[in-house]
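Participant: Questions regarding the structure given below will be posed in turn.
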Amino acid sequence: MLLSLTLLTAACQKESNEPEPVEAPLEGRWIPDSSFDYNYSASGAFVSRTSITVIPDYYLRITPDSIGYHAAIDNRSLGHYKLFRQNKNLTFGRISCTILELTNHKLILRFKATTPPGGAYTEQEDVYIR
């Protein structure tokens, strides 16, 4: 009986030899796929989501310490910034955003609104693919 109980306990304890999942690399070229505005009331209640038409006439190039916007047609720079990353938070220029999703083929960034206290606000979410 004691042997059965020991074997049952050992069988129920699952040892995971699988490594922790590794986050996909942020660095690389990202093409805009879609964009959404999330509208909130002054009290912070969600009001609506609006889809914004995205024209993929630019791409985002991210390196470990910079982020740049480039024209898709001729690769000219549309803006280049020093990039600071702390976990899922990115800051470049005067812009801050949060990584909501990062896989090998998809990047979702959420840009928080800076509004006066007590006012309605909008947050933007940009989806990139590669």
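Participant: Only one of Leu83, Leu100, Leu78, Leu26 is touching a strand residue (DSSP E or B) at 6+ places or on another chain (Cβ under 7 Å), in a loop (DSSP other than H, G, I, E, B), hydrophobic (A, V, I, L, M, F, W, C) and modelled with pLDDT of 95 or more; which?
Facilitator: Leu26
Participant: Okay, moving on. Say we look at region 53-64 and pick out the residues that are surrounded by 12 or more Cβ atoms within 10 Å (Cβ to Cβ) and of a type outside the set (Ser, Thr, Tyr); which of these is farthest from the chain's Cα centre (by Cα)?
Facilitator: Val54
The values are calculated or read from the model by the stated rules, or taken from the named source; none is laboratory data. Treat the numbers as computed from the prediction; the structure is a model and nothing was measured. With ideal geometry, Cβ positions are generated from the backbone for all residues, glycine too; neighbour counts draw on all protein chains shown.
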